[in-house]
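See structure below.
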Amino acid sequence: MQGIRLRNLGLQHMAKSFQGESAEIRVDLWVSFLIITLYYLADECNDNWSNQLRSCQQLLRQSEVRAVTDPVERKLFTYTVEFFSYQESMGRTACHKSNVFNEEWTKHLGQAEGEVVLIPWMGCDKRLIRIVSDITDLSISALPQQTFREKRAAIMDELENIKMKHFNPDNFLYMIDNSLLDQSPASCDDNYGCLFYYYDQISDEAANMEEFCFLLTCEIKRLCGLLYATSCLYYQSPSQPSIVSLVTKIFNYTKFIIISNNFFWSSLTWPLYMISTQLDFADPMSEVQKLDILNMFDMIDQKGLGNVGKAKSAVETLWKKRSLYDRAKGKEKKTYWEFVVDPVCNISLV
């Protein structure tokens with residue numbers, strides 16, 4: 001009860017800040033919105049968490065777009081904007097709502113064009129936030145076909161450009177399966193040279209594996225962006241080879257991190273959701289994959305804020321919906337991602 005009382009007092013104080021016009025970026029308000037959002041997420045992903053995005057949108061409209069000069073305030077502001085941008089970008093893949101954090105604001109976060117910035121708590125390159133958001137925006141646009149194809153091709157190029165150079169996780173997993181990690185680079189095929197470059201950067205074996213799994217998570221998120229674009233912009237269904245190949249790779253990578261190495265990272269919620277939506281039910285192995293996915297949701301829920309359980313529930317509902325849809329006859333076909341999208345869905349996929 002004390003927590004609820006303090007929360008309500010905080011909300012009342014924040015509401016006063018919306019009276020009148022303000023030309024300043026109130027960093028304290030941004031941090032307050034962040035704390036309230038985390039509160040709602042911890043409260044079994046209470047639907048009110050998404051209201052904070054709309055409040056931030058109102059705050060954005062009242063504030064002048066300019067750099068925050070104080071170093072400490074800038075770090076706080078950057079983190080909060082990154083947090084809400086990431087929440088929105090990944091969450092919109094499930095609901096296809098309109099964009100709040102437009103490029104005009106995110107460009108003030110200090111990342112140079114083409115710069116690689118891997119954010120540990122996100123588990124991905126910061127550039128992926130905008131790319132995923134662009135995929136959603138393009139999928140719900142009404143552009144002429146030629147313009148649509150050009151923008152689609154540009155997005156695919158960007159997904160390729162954020163791929164980490166000299167990092168081939170398939171080689172690493174092959175070496176683990178075949179007990180090759182103790183061999184020197186000279187004794188292995190030349191293709192493994194890039195692997196040892198990453199593996200040898202860290203001193204002890206435990207740190208090596210955690211670092212590798214972090215890099216693997218970044219690649220998983222990139223592949224999920226590719227999966228999303230392939231399904232959403234190229235109208236591919238779960239049974240088509242391009243989707244099956246991506247789902248299999250993402251599933252195996254994620255299983256390696258969570259089940260094989262016990263890294264229960266909540267940043268893997270979105271990848272689990274994405275592959276869950278794209279399982280090929282005609283494949284007999286899909287039942288085994290379903291069980292493993294539900295198990296992985298339960299495992300990472302140990303480190304989550306309360307949103308993981310709701311994401312898992314949304315996946316189970318979607319599976320039931322798909323099973324009924326697949327058995328129905330004479331229904332009008334639609335693009336697959338239109339079938340996945342739930343406009344009233346308020347799940348957090350972070």
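Read-outs throughout are calculated quantities, based only on the coordinates presented, and are distinct from any laboratory measurement. In this text the structure is predicted, and so the values were computed from the model without any measurement. Reconstructed Cβ throughout: ideal geometry from the backbone, glycine too, with neighbour counts over all protein chains shown.
Here r is the Cβ-Cβ distance between residue 320 and residue 285 and R0 is 22 Å; the resulting FRET efficiency, rounded to 0.05, is 0.70. Going down the table (126/163; 290/320; 165/290; 126/151; 163/320; 75/97), which pairs top 24 Å between alpha carbons? From the list (126/163; 290/320; 165/290; 126/151; 163/320; 75/97), the Cα-Cα distance tops 24 Å for 165/290; 163/320; 75/97.
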